[in-house]
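Okay, structure first, notes after.
The values are calculated or read from the model by the stated rules, or taken from the named source; none is laboratory data. It should be emphasised that the depicted structure is a prediction, and the values quoted were computed from it without experimental measurement. Neighbour counts are summed over all protein chains in view; Cβ atoms, including those assigned to glycine, are modelled from backbone coordinates with ideal geometry. Areas reflect the complete protein model, heavy atoms only, side chains present, ligands, DNA and RNA absent. Shrake-Rupley method; radii C 1.70, N 1.55, O 1.52, S 1.80 Å.
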Amino acid sequence: DAKTTQPTSMDCAEGRAANLPCNHSTISGNEYVYWYRQIHSQGPQYIIHGLKNNETNEMASLIITEDRKSSTLILPHATLRDTAVYYCIVKTGTASKLTFGTGTRLQVTL
Amino acid sequence: DTAVSQTPKYLVTQMGNDKSIKCEQNLGHDTMYWYKQDSKKFLKIMFSYNNKELIINETVPNRFSPKSPDKAHLNLHINSLELGDSAVYFCASSKTGEGPDTQYFGPGTRLTVL
């Protein structure tokens, strides 16, 4: 599975959009980009995934560059409850492991 | 209506003991996983079962033995516990065969070996 690079930490004011970048320059054509987050002391939580097109769900939006070498997770209106470690993961198909890196620690502040 | 549940939530035991952690999912998924998160917060896959068949077995000591009695359950038995086994163990599940799968995680079991 391709390796990803994320900033170690980011801050965001509550109510503002949080934009979390991820580089995955060695991504293969059949690998998807997944985002998970882990709120303190909880299990990882799925957020969103995509292959080529931009995706949006009730939690977030995922913007993938045309060359697929990087992506951005957008939390449109961050709240204090969004404070967590966010993991960008690229992986193939089904029933394959998630390889977690160190992620980005997002701190949402008042 | 918990999707992926684990028992116990906390487990404190002595070195050398044998212990089990249980995982159950009610999502109708056919693949289940065990991940380990160590004290430095690194999350790593240990095992994966698909339809009760072992499909992922990372470099894990053979003191760890997963058992899947059916598609909804994946238990983890650990023999001769060591201090280094202290960690949080997460179970996850997914449904395969319908495009990219999404893994859903349980709340974790915090194992402390004294």
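On average over all directions, what projected area in square nanometres does chain A have, based on the convex hull of its Cα atoms? Provide the component values of the computation, followed by the final result.
Numbers: hull surface 25.7 nm².
The Cα convex hull of chain A, projected and averaged over all directions, gives 6.4 nm².
For the protein assembly as shown, divide the Cα radius of gyration by the Kirkwood radius and give the resulting Rg/Rh value with two decimals. Using only Cα positions, Rg/Rh for the protein assembly as shown is 0.98.
For segment B:1-74 versus segment A:34-110, the spacing of their alpha-carbon centroids is 23 Å. Bridging of residue A:52 to aspartates and glutamates at a Cα separation below 12 Å is possible for A:31, A:66, A:67, once same-chain residues fewer than 8 apart are set aside. Leaving ligands and nucleic acids aside, the A/B contact buries around 1700 square angstrom of accessible area in total at a 1.4 Å probe radius.
Using a 4.7 Å Cβ-Cβ cutoff, the cysteines of chain A lacking any partner cysteine are A:12.
Ranking B:53, A:31, A:55 by solvent-accessible area of protein heavy atoms (1.4 Å probe, all protein chains present), from largest to smallest, gives B:53, A:55, A:31.
Between residue A:52 and residue A:79, the simple spin-label model (points 7 angstrom out along Cα→Cβ) gives 3.6 nm. Compared with the rule-of-thumb size 2.2 N^0.38 Å for a compact globular protein, chain B has a Cα radius of gyration ratio of 1.01. Just give the residues from segment B:65-106 buried by at least 40 square angstrom of accessible area in the all-chains context relative to the isolated chain, probe 1.4 Å, and say none if nothing qualifies. Buried on complex formation: B:100, B:101, B:102, B:103, B:105.
From the cross-link list A:69/B:71; B:41/B:95; B:22/B:95, which pairs have alpha carbons spaced over 31 Å apart?
Too far apart for the 31 Å limit: A:69/B:71.
Counting only the backbone N, which residues of segment B:79-114 are under 16 Å from the spot 7 Å out from the Cα of residue B:51 toward its beta-carbon? Residues passing the 16 Å test: B:94-99. Entry note, chain A: relative contact order of 37 percent, from Cα contacts under 8 Å with a spacing of 6+ residues.
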